[in-house]
Each structure stands twice: as C-alpha cells, then as structure tokens.
Amino acid sequence: MITAIHQPSYFPWLGWMDKINKCDQFILMDEVQLSDRAYQHRNLFLTNTGQQKFLTIGIQKKGYFSKKINELLINQDEPWQEKHFRFLENNYGKHPFYNEIMPGLELIFRKPYEKLIDVLLDSINISLRLLNISTPVILQSSLNYNRQKQKSDLILALLQAVHSSHYLSGKGAEAYMQLEDFAQNNIKVGFQEFTHPVYEQKNSATFIPGISCLDLLFNVGTQKAAQLIHE
C-alpha cells in the first residue's frame, strides 16, 4: 500500500496531482497551520498576456496563525468567488476547452462557503475527477494518531495510522526525514520523480510550468490532460 501525504491546495499544480496519481491512498493534512507563502489558499494562473497571477481565497486573519487549516474561516467581506470566476472567464474564456471545463467548476463559484477547507476539498475533488484520478483521499483529522508528533515523526505516525507499507515522499522532505525510523517500522520510502509535461499554452509563447492544473485542462481538455498525467 503506497501512501502519499500533502497539505491541501486550491486547484493543485501538476506535481501535486502526479503524486496523488502514483499512490494507493492519499492523506490530506488538514490539521497543520497555514503558511501565507504556500499554496493552500491560493494558486497561480496565467493572464491573457502570459503573466502569472495568484488567485487567493481571503481568510479571517484574527488568530489564524494559531489555527489549523480545517479551522480557518473565509473572509466574507471579500467577493473572492466572483473575482476568481471573472478572472477565469476573462483570461481563459477563449481557450480551446473553456466550454468543456468551466461547467465542472461552477460549484466553487456558486456554493456558499464558511470554512477554507471546504473550498479546498471541492477544488481538489473537481481536479481529480477532471483528470480521471481515483485515489482515495483521507483527511488527517479523521485518523487516530499522536497529535504531539511533528515533522518526520508526524509523517511516520500518519503512515502507521493507515497501516501503510510504502511512503511516496516529495524530494524536499529528504532534509528532515529520519529514514532509519521508517525502516525500523517496516515502511519503505520512495521519492517522487516528476517531469513536468510541456503543452501549448494559448497566451504564452514560452511554456510556464508550476501553475494550477486548470491551465492544462483549459488548454488541452480532459482527455489529453488525463493522458499526460497518467503517462
């Protein structure tokens, strides 16, 4: 049983989607804190002039640094749904597969949300469906584990909670992982090998990697996008 673990992301990038596609189960870390510089509540998209642009879901800032992701409330004073919808319409509306993809996204822009985690889960599930990825997603908060653990020890505790035999890690975790602890607990560790697919981006003469998976979908459609992810 291969397991990967990651924090949630708003319409994740292709490396995130590649990791979930390569495992048998995926633990979504909803009991960690939000990092303003990370991609949990935002992601990059392209404008119609080929510039990178963050779409961000505003959160209530009071005390957010002491709260877990699944406790964060959305700032209801910011019309983020309308802004994100208009951005996609204005900057992707003339893309080859806009009319195929956009109806599947409308839930995000119409549903009333209070918590950030609910938006993130919906955006992830929509992305999985569009890319034909069926890996089960398990919320960290649903597991029975020692919540005092941190970093490498936390990862190990989560893997033990789901009785995993293999852990698929991102390469960035090599710096802090205590690999001997995993070996002692009969868990094999592998590191993700990911080559970013290159595809034609309508509004950029030079390919720009690392942005939301929606960019791929608007440009090439669900069938071709799924093929690229599953290759």
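Which length gain, in nm to one decimal place, applies between Lys171 and Asn132 when the Cα-Cα distance is subtracted from 0.36 nm times their residue separation? Let's see the in-between values first.
On the way: separation 39, 0.36 × 39 = 14.04 nm, distance 2.50 nm.
Between Lys171 and Asn132, full extension yields an extra 11.5 nm.
Mark the label point 7 Å from the Cα of Tyr145 along Cα→Cβ and return the residues of region 18-37 whose backbone N is within less than 14 Å of it.
Residues 25-33 qualify, since their backbone N sits under 14 Å from the label point.
Provide the gained length on full extension for the span Asp153 to Asp181, in nm with one decimal, where the gain is 0.36 nm per separating residue minus the Cα-Cα distance.
On the way: separation 28, 0.36 × 28 = 10.08 nm, distance 0.84 nm.
This chain segment gains 9.2 nm when fully extended.
Relative to a virtual label point 7 Å from the Cα of Ile208 in the Cα→beta-carbon direction, which members of region 39-83 show backbone nitrogen distances below 15 Å?
Residues passing the 15 Å test: 43-56.
Nearest 10 degrees, 0 to 90: what angle lies between the long axis of helix 213-230 and the longest principal axis of the chain (Cα atoms)?
50 degrees
On C-alpha positions alone, give me the angle between the axis of helix 151-161 and the longest principal axis of the chain, in degrees, nearest 10.
80 degrees
For region 139-231, which semi-axes, largest first and in whole Å, follow from the square roots of 5 times the eigenvalues of its Cα gyration tensor? Can you show the working numbers first?
Details: eigenvalues 249, 43, 33 Å².
They are 35, 15, 13 Å, listed largest first.
Please give the helix 80-92 orientation as an angle from the longest Cα principal axis of the chain, in degrees from 0 to 90, rounded to the nearest 10.
With both axes taken from Cα atoms, the answer is about 60 degrees.
Among the listed pairs Lys149/Lys171; Lys19/Lys61; Lys22/Lys224; Lys68/Lys224; Lys68/Lys188, which are separated by more than 25 Å between their Cα atoms?
Numbers: Lys149/Lys171 21 Å; Lys19/Lys61 31 Å; Lys22/Lys224 18 Å; Lys68/Lys224 36 Å; Lys68/Lys188 29 Å.
Among Lys149/Lys171; Lys19/Lys61; Lys22/Lys224; Lys68/Lys224; Lys68/Lys188, the Cα-Cα distance tops 25 Å for Lys19/Lys61; Lys68/Lys224; Lys68/Lys188.
Order these peptides, 174-184, 135-145, by their mean beta-carbon neighbour count within 10 angstrom, highest first.
On the way: 174-184: 12.0, 135-145: 14.8.
Those peptides, ordered most packed to least, come out 135-145, 174-184.
Assuming R0 = 35 Å, can you tell me the calculated FRET efficiency for the pair Val198 and Lys111, based on Cβ-Cβ distance, to the nearest 0.05? Don't jump to the answer; show the numbers that get you there.
Values: r = 34 Å, r/R0 = 0.97.
The pair Val198/Lys111 has a calculated efficiency of 0.55.
Note down the Stokes-Einstein diffusion coefficient of region 48-162 in µm²/s, whole number, using a Kirkwood radius over alpha carbon pairs, 4 °C, and 1.567 mPa s. Mind dumping the intermediate values first?
Working: Rh = 16.9 Å.
Value of D from the Cα-based Kirkwood radius: 77 µm²/s.
To the nearest 20 Debye, how big is the dipole of region 1-143 about its Cα centre, given +1 on the beta carbon of each Lys and Arg and -1 on that of each Asp and Glu? Each step should come with its number before you reach the end.
Details: 16 positive and 15 negative charges, 58 e Å.
Dipole magnitude for region 1-143 comes out near 280 debye.
Please give the per residue accessible area of region 1-146, computed with a probe of 1.4 Å over protein heavy atoms only, in Å².
Values: 7050 Å² over 146 residues.
Accessible surface, normalised per residue, equals 48 Å².
The values are calculated or read from the model by the stated rules, or taken from the named source; none is laboratory data. Please read all numbers here as calculations on a predicted model, not as lab measurements. Cβ sites come from the backbone with ideal geometry, for glycine too, and all protein chains shown count toward neighbours. Ligands, DNA and RNA are excluded from the accessible area calculation, which covers all protein heavy atoms including side chains. Shrake-Rupley method; radii C 1.70, N 1.55, O 1.52, S 1.80 Å.
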